Amino acid sequence: MGGFRFAVIVSLCLAAATASMAAIYDLPIRDPDGGVGGPTYLRLPLILLVAFLLDVLPRAAWRARRTPSSLLRRFSEVVAQRWRWEHTRFALLGLGAWYLTYSAFRNLKSFVPFVNQHLWDSTLDKIDRAMFFGHEPADVLHDLFGTGIAAHFFSFIYVAWIVMVPASLAIALVWSRNARAGSWYVTAIAVDWVLGAITYFIVPSLGPIYARPEQFADLAHTANTDLQTQLMVDRHDVLVNPFTTNAVQTIAAFASLHVGITVTMVLMAELLRLPRLLRVFLWVFLALTIVTTVYLGWHYVVDAFGGVVLGVAGVAIAAWGTGNQLRRQSLSAVDSRAA
């Protein structure tokens, strides 16, 4: 299993925990994205195929730019050069471990209200108020940025994060040829999900948008508004009867995985000394993500602090699990140790 040995172990343990909890509490296990893009057994191979074609086709087209009739031959050449069995095995193992962990995480998240019914929103809100000297952080941000154009901008940032995570995983698994760095990053994301699931069970919470919806009534209607409404509908359907819906319950505030996974991205970029422009972009995106989640009501400020700790821990645990050193190093140095 190479660099994914630890990730595979983590995924199998989380899957076993999901199956055990489902049996104990008499809960169904669902495909977390079953209603989006078709069943997993069709969607996953399609995602991998698209990533494969995006890796191979542009290179083949460039080589055949003067003789278009040679495109098929050039395509075969690129496949032979870039998709040897070692890399194909690496991509398939990483994808399998990643998705099994993700699916188990999403199901465990859905189980939280059945296992621990206590909500910590009032406590988290009090902590936020104390940090902001009696003010609500979301109100401060609404006064600072307004509730019109800013709502659309922050909604875009929130949706961009949803796209960035699978895109970064595709880069690490399919396009990158640094197996050791790639396995470290993918494993770190998997560990983030495990730590996130643990915090959800320990500190169940809904988030400000659901605990205090009146605070966000003045925000312009955006794609984020529709998403928040749909998640509450899903939560209601699951709590009424989890066996009569294919939805999963995905509302949880502490800790913020949006922040946690972005912190993981930032740390990995710094530790691997990725291009400066990319590192600056990720730091800016992290700051925007923190503001976005509070502005839109997904999280309390204290959730963001929890996410920072979670993201750092994910990188550190994954470094240990993949045999990497938790210090700044170049991609070439990581690659040389893997050779």
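The values are calculated or read from the model by the stated rules, or taken from the named source; none is laboratory data. What you are looking at is a predicted structure, and each value in this text was computed from that prediction instead of being measured. Here the Cβ is made from the backbone with ideal geometry for all residues, glycine too, and neighbour counts use every protein chain on show. Quick note on the areas: whole protein, heavy atoms, side chains included, nothing else; ligands and nucleic acids left out. Shrake-Rupley method; radii C 1.70, N 1.55, O 1.52, S 1.80 Å.
See the values below:
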| item | result |
| --- | --- |
| Cβ-based charge dipole, segment 59-108, positive-most Cα from PHE90, TRP62, LEU100 | TRP62 |
| Residue (of ALA253, LEU12, VAL50) at the positive-pole extreme of the chain, dipole from beta-carbon charges | VAL50 |
| Inter-part distance where segment 286-324 and segment 114-134 are each reduced to a Cα centre, Å | 18 Å |
| Semi-axis lengths, Å, segment 20-162, gyration tensor of Cα atoms, sqrt of 5 times eigenvalues | 45, 27, 13 |
| Percent accessible area from carbon and sulfur atoms, the chain, protein chains only, probe 1.4 Å | 69 percent |
| Tilt relative to the chain, helix 85-115 - C-alpha long axis, 0 to 90 degrees, to 10 | 10 degrees |
| Cα long-axis angle, helix 301-322 against the chain (0 to 90 degrees, to the nearest 10) | 30 degrees |
| Restricting segment 165-248 to trypsin sites (Lys or Arg not before Pro) in coil, as DSSP defines it, with at most 16 other Cβ within 10 Å | ARG177 |
| Label-point separation in nm, LEU277 to ALA217, each point 7 Å along Cα→Cβ | 4.7 nm |
| Ranked by how many other beta carbons lie within 10 Å on average, peptides 89-102, 296-309 from highest | 296-309, 89-102 |
| Cβ-based charge dipole, the chain, positive-most Cα from SER155, SER176, PHE305 | SER176 |
| Where a label projected 7 Å from the Cα of GLU270 along Cα→Cβ would reach, residues of segment 290-320 with amide N under 11 Å | 312 |
| Top of SER205, SER69, SER183 by mean-square fluctuation, Gaussian network on the chain, Cα under 10 Å | SER69 |
| Rounded accessible area per residue of the chain, 1.4 Å, Å² | 48 Å² |
| Assigned charges on the beta-carbon of Lys, Arg, Asp, Glu; the chain dipole about Cα centre (debye) | 2140 debye |
| Full-extension gain in nm, HIS118 to PHE132, via 0.36 nm per residue minus C-alpha separation | 2.5 nm |
| The chain: angle of helix 149-170 to the longest principal axis, Cα-based, in degrees nearest 10 | 40 degrees |
